[in-house]
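Working notes, structure below.
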């Protein structure tokens with residue numbers, strides 16, 4: 001999404017924090033709108049090569065209804081956050097949401113001949129009434145959107161009673177607390193990363209999975225959002241490190257020499273206890289630190305002017321022998337200057353540059369440049385979100401080191417992952433039926 005601010009929730013968090021800091025007593029507030037597309041079969045049937053065109057169409061329609069001072073952030077392909085400063089009243093939020101409803105709900109969108117009957121839902125929140133800090137203001141807007149969607153209402157402004165009356169939010173919070181106290185447990189599933197020259201699976205990314213008490217899979221961003229909302233991030237990280245080390249121990253017992261990577265937000269690097277918690281987990285399960293990779297997400301949140309604590313944490317992680325990776329490389333502020341400063345061993349080309357690689361000369365140039373410059377710095381490159389053999393072949397020709405995506409496998413439970421690796425042993429990247437499994 002070339003023109004859209006590509007730093008998602010944390011970008012909006014930073015922007016709202018800055019706007020709130022600028023407010024003076026007696027001044028007007030900052031409003032936030034969470035706009036997302038309702039689940040619809042037509043949207044899921046949209047071919048992958050058209051997804052970026054769909055997102056650009058959404059962007060154009062949203063931007064056409066914004067003021068010059070408003071800011072737009074893409075969270076994923078279905079949610080956008082809009083920050084509106086200097087609001088005189090909540091009525092401005094209501095009017096903005098009505099405009100979005102009219103733009104999308106009254107007529108279908110057409111993407112390359114594919115007609116999509118669109119339905120959007122908006123939730124809004126206004127400072128300081130609905131959140132005195134940026135994080136809670138954004139979450140309030142999301143809760144309002146959740147309530148609006150479940151009630152089949154186009155838009156809602158946050159009200160504290162929504163959290164009391166929304167059984168879905170309350171139930172998820174109860175289930176999540178129980179998950180850390182012996183209830184339905186959080187899980188880590190493994191998505192293979194295939195080494196291009198050999199065709200072997202030498203590493204995998206551990207991805208969060210969780211079923212609530214009703215047996216339904218809860219989307220990982222929702223789980224992480226609830227964890228942060230409940231103030232359980234430190235506790236979750238402790239769980240994450242222990243379970244990642246446990247998986248590494250299990251893989252070794254199965255005779256598999258496979259590295260595992262876990263995701264940490266750049267904001268986690270401000271926690272000086274992180275290296276100690278990781279070290280304890282590795283020691284508990286008697287696994288080598290060289291087997292664990294930390295994928296750093298949202299690197300735009302690293303404050304260059306006050307990053308001494310982050311540098312110290314990174315230094316201690318390197319001393320442990322861990323590998324470091326920049327996730328979603330090429331978006332936001334994850335540029336070469338940050339690559340140099342963080343001294344990582346791997347970068348991951350963001351899937352937004354991969355899904356349209358065959359059709360976009362610009363994306364091919366970006367991918368080739370990332371691979372070339374990374375190799376000059378002695379850094380390996382992984383492309384994520386690879387869905388087809390032609391894209392995998394093109395990346396191989398570019399010299400990409402590792403490929404990850406549904407072409408090979410979705411994220412698998414550890415036992416299924418072990419079976420997958422064993423079944424794949426000896427199969428090369430150029431073999432027929434490369435996507436089977």
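Bear in mind these aren't lab numbers, they're just calculated from the coordinates by the rules spelled out. The model shown is predicted, which means the values in this text are computed figures rather than measured ones. We place every Cβ from the backbone using ideal geometry, glycine too, and count neighbours over all the protein chains shown.
A few notes on this one:
- Extension reserve of the residue 235-residue 419 stretch, reckoned as 0.36 nm per residue once the Cα distance is removed: 63.1 nm
- At R0 = 35 Å, FRET efficiency that the Cβ-Cβ distance of residue 214 and residue 254 yields, to 0.05: 0.60
- Per-residue extension of 0.36 nm, minus the Cα-Cα distance of residue 228 and residue 61, leaves a gain of 57.0 nm for this segment.
- Summarising the strand pairing of region 173-424, around 40 percent of its internal DSSP beta bridges are antiparallel.
- For region 232-292: rounded, prolate or oblate by the Cα gyration tensor [a/c cutoff 1.5]: prolate
- For the pair residue 320 and residue 170 in one chain, pulling the backbone fully straight at 0.36 nm per residue adds 50.0 nm over the alpha carbon distance.
- Modelled label positions at residue 365 and residue 180, each set 7 Å beyond Cα in the direction of Cβ, lie 4.8 nm from each other.
- Protection proxy ranking of 136-148, 256-268 - average other beta-carbon atoms within 10 Å, highest first: 136-148, 256-268
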